1. Anything in the range 191-212 that is buried (at least 19 other Cβ atoms within 10 Å of the Cβ) and either within 14 Å of Ala117 (Cα to Cα) or not assigned by TED's automatic domain parsing to the domain that holds Phe133 (or both)? List them, or say none.
2. Mind telling me which of the residues Ala114, Ala188 ends up being touching a residue at least 40 places away in the same chain (Cβ under 8 Å) and either buried (at least 17 other Cβ atoms within 10 Å of the Cβ) or assigned by TED's automatic domain parsing to the domain that holds Val50 (or both)?
3. Considering only the range 36-52, state which residues are touching a helix residue (DSSP H, G or I) at 6+ places or on another chain (Cβ under 7 Å) and closer than 19 Å to Leu206 by Cα.
4. What pairs come up if the first residue lies in the range 152-178 and is in the same structural domain as Ala196 (by TED's automatic domain parsing) and loosely packed, with under 15 Cβ neighbours inside 10 Å, the second is in a loop (DSSP other than H, G, I, E, B) and small (Gly, Ala, Ser), and their beta carbons are under 8 Å apart, counting only those six or more places apart or on different chains?
5. Of Asp72, Asp49, which residue is over 14 Å from the mean Cα position of the chain (by Cα), of a type in the set (Asp, Glu) and not assigned by TED's automatic domain parsing to the domain that holds Ile158?
6. Show me the strands (runs of 3 or more DSSP E) entirely contained within the range 87-152 in which 2 or more residues are closer than 23 Å to Arg44 by Cβ and at pLDDT below 95.
7. If I go through the range 128-151 residue by residue, how many of them are surrounded by fewer than 17 Cβ atoms within 10 Å (Cβ to Cβ) and touching an Asp or Glu at 6+ places or on another chain (Cβ under 7 Å)?
8. What are the residues in the range 17-30 that are more than 15 Å from Asp72 (Cβ to Cβ) and either of a type outside the set (Ser, Thr, Tyr) or within 21 Å of the chain's Cα centre (by Cα) (or both), if any?
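The values are calculated or read from the model by the stated rules, or taken from the named source; none is laboratory data. The structure displayed is predicted, hence computed values, not measured ones. All Cβ positions, even for glycine, are placed from backbone atoms using ideal geometry, and neighbour counts span all protein chains on display.
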Amino acid sequence: MADILDEIRSTVANLGGSARLHELVNTALSQGIPVLDIVEKGLRAGLQDVGSKYEAGEYFLAELLFAASILDEAMQIIKPRLSAQAMHRSGRILLGTVRGDMHDIGKNIFRMMANAAGFEVQDLNVDVDPEIFVQQSKQTKPDILGLSCLLTTALPEIKVVIDMLDQAKIRSYLKILLGGNAVTKEFAREVGADAAALDAVEGVDLSRGLVK
């Protein structure tokens with residue numbers, strides 16, 4: 001069992017491609033290896049290795065996107081075999097790019113990596129009106145609200161969302177995580193967010209800390 005799980009981990013970590021990963025996952029399933037072991041000891045362990053290589057400067061954005069995409073595809077094979085109870089969830093994230101900004105690549109990488117890391121992620125897409133963030137926060141009760149912003153011209157929208165959450169008296173019930181090229185950690189402190197991620201890898205790490 002350990003050999004096939006190590007091979008799954010290595011394939012993810014070394015960007016072995018979706019076809020090879022699908023083959024290994026299906027082989028593991030046919031051998032009766034527990035689904036949760038495939039997820040935790042194979043796929044997610046490989047994703048952690050990818051994150052380490054990214055932080056060390058061995059991988060760059062293109063590699064991160066590729067790893068996230070092949071892992072996301074592999075998870076589609078796994079999900080039908082997991083009950084909602086069996087799948088350990090790290091927490092719930094509501095995610096979107098703020099009004100006036102149409103960029104989504106970084107957001108999409110974070111979404112895939114967070115999902116693979118065990119978070120339940122609802123993505124509102126791009127150019128999201130502040131009222132939608134508030135309404136969906138009330139309705140879905142996420143642990144984390146992720147606000148993405150690439151354009152400096154759209155930065156004021158983040159403060160609008162946070163102020164509206166305050167007015168709706170739900171700000172204290174969720175953590176706010178900022179991301180995107182326009183965002184800095186200093187800006188996050190200024191507008192009252194809980195954290196700011198400089199990339200998707202840090203975003204997943206911060207999310208784990210925010211839900212503890």
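1. Ala200, Val201, Gly203, Val204, Leu206, Ser207
2. On the way: Ala188 fails: touching a residue at least 40 places away in the same chain (Cβ under 8 Å).
Answer to the selection: Ala114.
3. Arg44, Ala45, Gly46, Leu47, Asp49, Val50, Gly51
4. Here the result reads Thr152/Ala182; Thr153/Gly100, each pair linking the range 152-178 to a residue that is in a loop (DSSP other than H, G, I, E, B) and small (Gly, Ala, Ser).
5. Asp49
6. 119-123
7. Residues in the range 128-151 being surrounded by fewer than 17 Cβ atoms within 10 Å (Cβ to Cβ) and touching an Asp or Glu at 6+ places or on another chain (Cβ under 7 Å): 1 in total.
8. Quick first cut of the range 17-30, residues more than 15 Å from Asp72 (Cβ to Cβ) only: 20, 23-24, 26-30.
Listed by number, the residues that qualify are Arg20, Glu23, Leu24, Asn26, Ala28, Leu29.
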